[in-house]
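Report on the following structure.
The values are calculated or read from the model by the stated rules, or taken from the named source; none is laboratory data. Here the structure is a predicted model, which is why all the values come from computation and not from measurement. Because the Cβ atoms are built from the backbone with ideal geometry, glycine has one as well, and the counts that use them run over all protein chains shown. Heads up: the accessible areas ignore ligands, DNA and RNA and are worked out on the full protein's heavy atoms, side chains in. Shrake-Rupley method; radii C 1.70, N 1.55, O 1.52, S 1.80 Å.
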Amino acid sequence: MTRLNLNKILLWALFGLCVIWLVIPFTIAILWSLVDPSQPWTPDHLLPPSMSFYRWGYLWAHSSLKIAMFNSYMLAPSVAIVTLTLAMPTAYALGRINFPGKEVVKLLVLLPLVVPGFVTAIFFTAILFQLGLNAWRFGAILFAHSILFLPYAIRIMSVSFETVRQDHIDAARDLGASTFERWKVAYIPALKPGIMATLLIVFIYSIEEFAIAFIVGSPNFTTIPTLLFTNLGANFIRPNAAVISLILVVPNVILMLFLERLLRSANPALSSGKG
Amino acid sequence: MKAVSVKNASMHFGDFTAVQDVSFDVGEGEFITLLGPSGCGKTTLLKMISGFLQPSSGIIEIGGKDVTHVPPERRDTAMCFQSYALFPHLSVADNLQFGLKQKRLLTAERKQRLQDVATKLDLTAQLDKLPNQLSGGQQQRVALGRALTMRPSVVLFDEPLSNLDAKLRDSVRMEIRKIQRDYNLAAIYVTHDQGEALAMSDRILIMNNGRIEQAGTPHEIYGTPNTSFVADFIGDANILDAEVIGEEGAGRWRLGTQIGELIAASAAPPVAKTLKVCWRPEKAQFGPGTENTITADITHRAFQGNYTDLFVMIASAPQRVQWRDNAVGLADSLTMHIRPEDIIFLEAIA
């Protein structure tokens, strides 16, 4: 078998996998969200017998979807920026300074990821109540999310800091650059992909996070995931859940594609040896 | 006035001494090379001059001013890095102007200097390109140009040619030297390549174990090395242990060595009764002479194109001989002589 043929087969296999993995669930979610309440979608039909945007309009008008979206899209960018800012000093130390026990610290930073989210959430909220932060729910969730997603941010940014080349910093200094100019010319270009990746990942985690948003926020602070879960409980209506999950997931996919493009356009010379 | 003066500079890292009590001056327009094996302290010394390292003791002066405690961004030096360290996201023009922008030079002056350097280094066609679109040689020139636009008191080179292939290295070497002369810049050039040092320098400082082992013009260093380290590091040398048996007239000494008794002629007397001496392989003279005639057994032959390397045994001491005439020395043994003035006195044997 020629190499070209093998490549073709693998490409089709990958394509097939993508269809099974992404396209089918999406299609089903879209179909469910379009089910008109006049005629239920029963298993004996391949497609819903009657399709309309009724559910979308209904949820938009009659549920707390607007508020939940506003909350989520206020919260997630704030969490992304706060987490990135908080991660910077530790990431700088892990990426650029040599100190004894550095490897241990790197491991410790990642340790919180081992604990399941719900377990952390239950005890974390207890601390929030003790701190009195529960009164300002937006702030409490912002704080909690920032702390929870810090390991990801530190991990990504410390690797980013490692890629900053010392000779670029030295060259900038040698040519008379101030501290600010040194950051601009030597650090920022190398950190940019890491910063983007951190912002995006934290944004997505925050948008999708349920446990803390639910425990701290309920009953009067709704985000998209808590709204989704209220539609999954006793009053489970599949078409409504489909609408909300699509609202939850579509921006993420768009952002992912955007990041993919961004990382691809990042200057390849930054990571290569010369230049 | 001296462009750079280093006075009794030392650098300690914990227990390790990287540079020990080094002093030297660089005159205006002078090209100095710091030459030595890796770990000899030459790069550390360069970092002390550029300001990236603070000497543990001693004084660094640039343009007559004490800059020992001045940080690199405020020193009148410009460095050419081994890796070039070009900013990959900036165009060639922006790389070249980077230092001038930091200095907040007037736009007209900046443009003029940029044009000047770009013309001299043949980079005018590359100004809008990014560094990774250039060849290695061109990147090297941008790195040099970025330093030159600063019009510094001294340009510092940290093994700038080690990333280029051999052919290109020769031409860039000459180019660097020409431009350094054109601008009448003082230059300190760090390398471990002895050929580079001999070809480029006004003066070479040979470093070993954090000290300057010998300083002098390339001719002095090659012709009269002071120690066996220098003799061995620059060019090839046959080094022998010798005992001074007696003086044979003015400036001539009779020596006892592993390869027999030799007559040596030197302006400077030997430093001790037992010492190291050396002779260069290419100084061997074919056939018997009036003095120092030696018969050697040839153990190995290596054809090098323009000469032949002969590895010979002289009284069970391995020596090396280089003949220009490739036809010579095809026999198993050969007779040769060494002129007394070609035997060089080195350091005493402790």
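Within chain A, which complete DSSP H helices have Cα atoms spanning at least 24 Å along the helix axis and a mean Kyte-Doolittle hydropathy of -0.5 or higher?
A:65-96, A:137-163, A:188-208, A:238-265
With charges set only on the Cβ (+1 for Lys and Arg, -1 for Asp and Glu), what does the dipole of segment A:1-116 come to about its Cα centre, in debye to the nearest 20?
Approximately 500 debye in magnitude.
I want to check the label-to-label distance for A:PHE236 and B:PHE286. Put each point 7 Å from Cα in the C-beta direction and report it in nm to one decimal.
10.2
Once you charge only the Cβ atoms, +1 for Lys and Arg and -1 for Asp and Glu, what is the size of the charge dipole of segment B:237-350 about its Cα centre, to the nearest 20 debye?
Result for segment B:237-350 is approximately 180 debye, rounded to the nearest 20.
At R0 = 35 Å, how high is the FRET efficiency between A:ASN220 and A:LEU108 if r is their beta carbon distance? Nearest 0.05 is fine.
0.45
So what's the gap between the Cα centers of segment B:88-102 and segment A:12-85, to the nearest angstrom?
So the separation of the two Cα centres works out to 49 Å.
Residues of segment B:185-224 with the amide nitrogen closer than 19 Å to a label point 7 Å from the Cα of B:ASP232, along Cα-to-Cβ, please.
Zone members listed by number: B:192-195, B:206-215, B:221-224.
Between B:ALA18, B:THR149, B:GLY58, whose Cα lies farthest towards the positive end of the dipole of segment B:2-228 when Lys and Arg beta carbons carry +1 and Asp and Glu beta carbons carry -1, centred on the Cα centre?
Working it through, the farthest residue towards the positive pole turns out to be B:THR149.
Please report how far the C-alpha centroid of segment B:191-242 lies from that of segment B:7-46, rounded to the nearest whole angstrom.
15
Give the average, rounded to an integer, of partner chain Cβ atoms located within 10 angstrom of each Cβ in B:130-143.
Average neighbour count from other chains, rounded to a whole number: 2.
Using a probe radius of 1.4 Å on heavy atoms only, what accessible surface per residue do you get for chain B? Whole Å² is fine.
Solvent-accessible surface per residue comes out at 44 Å².
At 7 Å along Cα-to-Cβ for each site, give me the label-to-label distance between B:ASN8 and A:CYS18 in nm.
It works out to 7.2 nm between the two label points.
Probe radius 1.4 Å, ligands and nucleic acids left out: which of B:MET11, A:MET69, B:MET1, A:MET256 has the largest accessible area, and how do the rest follow?
B:MET1, A:MET256, A:MET69, B:MET11
Where Rh is the Kirkwood radius over the Cα pairs of chain A, the temperature 4 °C and the viscosity 1.567 mPa s, what D in µm²/s does Stokes-Einstein return?
This corresponds to a translational diffusion coefficient of 59 µm²/s.
What total accessible area, in Å², is buried where chains B and A meet, using a 1.4 Å probe and rounding to the nearest 100?
Chains B and A together bury approximately 2100 Å².
What net charge is computed for the residues neighbouring A:ILE215, neighbours being all others with C-beta under 12 Å from the C-beta of A:ILE215, Lys and Arg scored +1, Asp and Glu -1?
Here the charged neighbours net out to 0.
For segment B:236-348, restrict the atom set to alpha-carbon positions and state the Rg and Dmax in Å.
Both quantities, over Cα of segment B:236-348: 14.0, 41 Å.
On the Cα set of the protein assembly as shown, report Rg and Dmax in Å, please.
Here Rg and the maximum Cα pair distance are 36.7, 126 Å.
Using a 1.4 Å probe on the protein heavy atoms only, what accessible surface does B:LEU168 show? Give it in Å² to the nearest 10.
60
Comparing the chain by itself with all protein chains present, which residues of segment A:160-191 are at least 20 Å² less accessible (probe 1.4 Å)?
For segment A:160-191, once contacts with the other chains are taken into account, A:ASP167, A:HIS168, A:ASP170, A:ALA171, A:ARG173, A:ASP174, A:LEU175, A:GLY176, A:ALA177, A:GLU181, A:VAL185, A:PRO189 lose 20 Å² or more.
Where does helix B:166-182 land angle-wise versus the long Cα axis of chain B, in degrees 0 to 90, nearest 10?
Taking Cα atoms only, the helix is inclined about 70 degrees.
First compute the accessible area of the protein assembly as shown with a 1.4 Å probe, then give the percent of it belonging to carbon and sulfur atoms.
That fraction is 61 percent.
Any chance you could look up the accessible area of A:TYR187 with a 1.4 Å probe, heavy atoms only, rounded to 10 Å²?
The accessible area comes out at roughly 20 Å².
Please compute the average number of Cβ atoms from other chains found within 10 Å of each residue's Cβ in peptide B:86-93.
Rounded to a whole number, the mean comes out at 5.
Solvent-accessible area per residue for chain A at a 1.4 Å probe radius, Å²?
Using a 1.4 Å probe on heavy atoms only, each residue of chain A averages 56 Å².
Which is farthest toward the positive dipole end of the protein assembly as shown among B:THR191, B:GLY210, A:VAL105, measuring Cα position about the Cα centre, with Cβ charges +1 (Lys, Arg) and -1 (Asp, Glu)?
Ranked along the dipole, the leading option is A:VAL105.
Please compute the contact order of chain A in relative form: average sequence separation of alpha-carbon pairs under 8 Å and at least six residues apart, divided by the residue count, as a percent.
26
Please list the three semi-axes, largest first and in whole Å, of the ellipsoid equivalent to segment B:130-175, using sqrt of 5 times the eigenvalues of its alpha carbon gyration tensor.
So the three semi-axes of segment B:130-175 are 19, 14, 8 Å.
For chain B, what is the Kirkwood hydrodynamic radius in Å, using each pair of distinct C-alpha atoms?
Across chain B, the inverse of the average 1/r is 22.7 Å.
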